[in-house]
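The values are calculated or read from the model by the stated rules, or taken from the named source; none is laboratory data. As the structure is a prediction and not an experimental result, all values here were calculated from the model. In this analysis, Cβ positions are derived from the backbone assuming ideal geometry, glycine residues included, and neighbour counts consider all displayed protein chains.
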Amino acid sequence: MFYKNPSCIAVIFAVKYLKTLEHVMARVVKSLTDTKIKNLKPKEKKYKRNDGKRLYIVVEPNGRKWWMYEYMYNGKRTPKSLGNYPEITLKKARELREKYRKMELENIPPSMLNKSSKQQNTLKNLVIEYLDRKNISDKHKKGTLNRLNNHIFKYIGDMNIRDIKKIDIVNIFRNLTHIPETARRLFNILDNTFKYASTLEIVERNIIADVDFSVLVPKKESKNFPHITDIEEMKKLLKDIENCKCDITVKTALKLAPYLFVRPFPLVAMEWSEIDFEKKEWHIPAHKMKKKREHIVPLTDSIINILKEIEPFTGNREFVFYSPRSKDKHITTDTLNRALKRLGYKDKMTTHGFRHFAATVLNENAKKIGISQNAIAAQLSHTDFKDTMNRVYNKAIYMDERKKLMEWWSDFIDSLKS
């Protein structure tokens, strides 16, 4: 009988075992989905999830997700990056996996892969890789990528970085002369990305290392912001702000502007998380500052009282001064300047003008207050200190004097309003 033959029985059991093993493996390795990938959260250490057939999604501690395929050659596995997710979609990653599996059958060595997988070395992918290695917030990274998409990637983002010529970069930046500060930041990112690619030997050299940015995008002449210098005119302006029939966020920002005398953007972008009521300090992060250095503003009772006025309206949200037109954005600097124009101060005063007014009055009264010119410069977030001992910037430099300065200034503004 067939079933009494030991060899036949062994074959039957072997076939059943292999089928069972295949079934178990199929259950163990479940294919990934976009939902599963999006739900993968970063951990303290890098980890990966299997999509089957040696294709993995790797999750870095900083949240970056990228595809890895284990290329098989001569019995050895060589990890190969396929690019970042979601730039390289799940569908695209699987297509690349099948492409590499065919190359394995043809016994093509790993060293030949780059010649047939140029998509992973696009400028956009390498910029993202470079940014992932920088210690920046998700919000900052998102804003940077938006600017890159608008001005750079739509022209050369999908090009392999080896195929990009210097003239391609030059032509782009020749058309960005109207936004010199943004252009400089974008140029620096590209410069660092080419350095990064050169270090990894993806390109032979940084092709824009010798490009003179100042020739491509000349600096704009510094603006003289309209500002009030007369004390009586300032008294009238402060009264007009108090009687302003504008939105509460706009009105509160204008009420704080003369007390804080910071640059307009950090003011409108103020976040509740930046305010330390216990220490009575406002910590402005570096990315919001013109000089890209963290700045501290000592807070007085008058300033805190104004913040408390708006706290019931926006205290449960991210920004102090939310835009009435958007749920997740703050008001703009133009919003404040338009409000001043409606109050009758067109060509007379801007939000930035409060800095000029404060700098003038404080410098005139420095001796009376008992503060140094350096303390005033530090509170204005300038670096033009007269002594050479403080060339290295410190966010808390002259802090005792600055607290004294802010108290005197707060009392001065209060006196103008009374």
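Tabulated data for the structure shown
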| item | result |
| --- | --- |
| Helices (runs of 4 or more DSSP H) lying entirely in segment 116-206 (those with 1 or more residues that are without any contact (Cβ under 8 Å) to a residue 40 or more places away in the chain and buried (at least 20 other Cβ atoms within 10 Å of the Cβ)) | 123-132, 180-199 |
| Some residue of segment 215-223 being outside any helix (DSSP H, G or I) and closer than 21 Å to Thr144 by Cβ | yes |
| Qualifying residue in segment 274-290 (condition: modelled with pLDDT under 90 and either surrounded by fewer than 14 Cβ atoms within 10 Å (Cβ to Cβ) or not assigned by TED's automatic domain parsing to the domain that holds Arg338 (or both)) | yes |
| Some residue of segment 338-351 being under 29 Å from Leu405 (Cα atoms), within 24 Å of the chain's Cα centre (by Cα) and in the same structural domain as Cys246 (by TED's automatic domain parsing) | no |
| Count of segment 224-269 residues which are part of a loop (DSSP other than H, G, I, E, B), among the aromatic types (Phe, Trp, Tyr) and within 24 Å of Tyr322 (Cα to Cα) | 1 |
| Residue check, Val250 in contact with a His (Cβ under 6 Å, 6 or more places away or on another chain) and closer than 15 Å to Thr314 by Cβ | no |
| Selection from segment 358-379 of residues that are under 30 Å from the mean Cα position of the chain (by Cα) and either surrounded by fewer than 18 Cβ atoms within 10 Å (Cβ to Cβ) or modelled with pLDDT of 95 or more (or both) | none |
| For Gly63: the one exception among (1) part of a helix (DSSP H, G or I); (2) closer than 27 Å to Lys41 by Cβ | (1) |
| First in segment 323-348 and under 15 Å from Cys244 (Cα atoms) and in contact (Cβ under 8 Å) with a residue 40 or more places away in the chain, second anywhere and assigned to a helix (DSSP H, G or I) and β-branched (Val, Ile, Thr), Cβ under 8 Å, 6 or more apart | Thr335/Val250; Thr335/Val268; Leu336/Val250; Leu336/Val268; Ala339/Val250; Leu343/Ile241 |
| Filtered residue count, segment 324-370, keeping only those that are part of a helix (DSSP H, G or I) and not charged (D, E, K, R) | 21 |
| Cβ pairs under 7 Å, 6+ apart, first in segment 253-273 and in contact (Cβ under 8 Å) with a residue 40 or more places away in the chain, second small (Gly, Ala, Ser) | Leu254/Ala339; Tyr259/Ser302; Tyr259/Ser410; Phe261/Ala358; Leu267/Ala253; Leu267/Ala257; Val268/Ala253; Trp272/Gly315 |
| Residues of segment 291-305 satisfying the condition of being hydrophobic (A, V, I, L, M, F, W, C) and surrounded by 17 or more Cβ atoms within 10 Å (Cβ to Cβ) | Ile296, Val297, Leu299, Ile303 |
